[in-house]
Amino acid sequence: RAKFKFPGRQKIYVSKKWGFTKYEREEFEKLREDGRLTNDGCNVKYRPEHGP
């Protein structure tokens with residue numbers, strides 16, 4: 001439907017984040033190597049060092 005379309009030209013912004021996560025690329029790679037992130041669909045979950 002027309003009311004759901006965005007009028008005019010759109011600007012493309014290249015994000016510093018990794019995919020749809022809240023982590024930047026360097027931080028994401030470091031956390032993944034350390035085993036601090038687990039996959040959760042198209043996102044990731046952070047696993048802290050303490051707690052369940």
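Each reported figure results from applying straightforward, stated rules to the coordinates on display, with no laboratory input. Quantities reported herein were computed from a predicted structural model and do not represent experimental measurements. As a convention, Cβ positions derive from the backbone with ideal geometry for all residues, glycine included, and neighbour counts pool all protein chains shown.
The label point for residue 34 and the one for residue 5, both projected 7 Å from the Cα toward the Cβ, are 4.8 nm apart. Which angle between 0 and 90 degrees, to the nearest 10, do you get for helix 25-34 versus the longest principal axis of the chain when only C-alpha atoms count? Around 30 degrees separate the two axes. Residues of the chain were split at every exposed loop site, defined as trypsin sites (Lys or Arg not before Pro) in a DSSP loop with at most 11 other C-beta atoms within 10 angstrom, and the longest piece left, sites excluded, is 23-52.
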